[in-house]
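**Student:** Starting off with a structure, shown below.
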Amino acid sequence: LQEIANAIRDTQPLALIVDDAHMKVDLLLHLARLKLEIGANYEIVASSWTAEEDQIAQALQIGSSSIHRLELLTRNEIVQVIRDAGIWGPDRVGREIVEQAEGRPGLAVTLTQVCISSSPRDLFLGEAISRSVKTYFTPLLGQEVIVILAAFSIGGDAGMLKKIVSKELGVGLAELWQIVSRLAAGGILWDKGQDCLSVFPVALRQALVRDVFFAGS
């Protein structure tokens, strides 16, 4: 944190961008205090999931007029994201990225980079999106989140009842509700009605069931 303070004093930035701010609330509070302490004039631009916006707004002491919500992109816009990231073919790879990204540009870029740096095989088998989910959600919600996602994945498109997942995994409904609320904010857990939740995209669902319930010999 001292290095950040020194860099701010040296460079006098107009704005500081904090990505995934819902995982860095302490940093936001520090930057807000530092701004007052050293008399700086920078703006703090923080990105977060929709469900966490109240927490971020409170940390930054901002009102609703300062909150900008990003909508999902269209299929054509996602295709352009893929092209700009460096993939122009084959068409099957592009279609798979579009299907798995489901309008989310950040995920489209992540999947595209996997194809460039390793192999499209990781994309089609769900390895890429599974790694991305584990990277982002495990530090935030703990290791059990992957098992919970895998349990909901078993229900397929129709989803799985929350009370069944709660009973079979031995997780209290209140605790489960807190976890799934944050997963839903990440866009990978959808409410199918009648207390059922389903995991999307399908490639992620398949990878989770395979890795959690069918790993090893």
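The values are calculated or read from the model by the stated rules, or taken from the named source; none is laboratory data. It should be emphasised that the depicted structure is a prediction, and the values quoted were computed from it without experimental measurement. Because the Cβ atoms are built from the backbone with ideal geometry, glycine has one as well, and the counts that use them run over all protein chains shown. When the accessible area is computed, the model is the full protein with side chains, heavy atoms only, and any ligands, DNA or RNA have been set aside. Shrake-Rupley method; radii C 1.70, N 1.55, O 1.52, S 1.80 Å.
**Student:** Condition first: touching a residue at least 40 places away in the same chain (Cβ under 8 Å) and within 20 Å of the chain's Cα centre (by Cα). Now tell me which residues in the range 152-179 satisfy that.
**Tutor:** Listed by number, the residues that qualify are PHE152, SER153.
**Student:** Of everything in the range 42-93 that's within 22 Å of LEU189 (Cα to Cα) and of a type in the set (Asp, Glu), which residue is surrounded by the most Cβ atoms within 10 Å (Cβ to Cβ)?
**Tutor:** GLU52
**Student:** To continue, here is another question. Which of the residues belonging to the range 204-217 are open to solvent by 60 Å² or more (accessible area, probe 1.4 Å) and assigned to a helix (DSSP H, G or I)?
**Tutor:** Those that are open to solvent by 60 Å² or more (accessible area, probe 1.4 Å) and assigned to a helix (DSSP H, G or I): GLN206, ARG210, PHE213.
**Student:** Pick from the range 188-203 the residues that are closer than 16 Å to ALA128 by Cα and modelled with pLDDT under 90: which of them is most open to solvent (accessible area, probe 1.4 Å)?
**Tutor:** Residue satisfying both the conditions and the ranking: VAL202.
**Student:** Let me ask another. Return the residues of the range 125-147 that are farther than 18 Å from THR112 by Cα and either under 11 Å from the mean Cα position of the chain (by Cα) or of a type outside the set (Gly, Ala, Ser) (or both); say none if nothing qualifies.
**Tutor:** PHE137, THR138, PRO139, LEU140, LEU141, GLN143, GLU144, VAL145, ILE146, VAL147
**Student:** A further question follows. What number of residues within the range 131-162 are open to solvent by less than 40 Å² (accessible area, probe 1.4 Å), at pLDDT 90 or above and assigned to a helix (DSSP H, G or I)?
**Tutor:** Going through the range 131-162 one residue at a time, the tally reaches 10.
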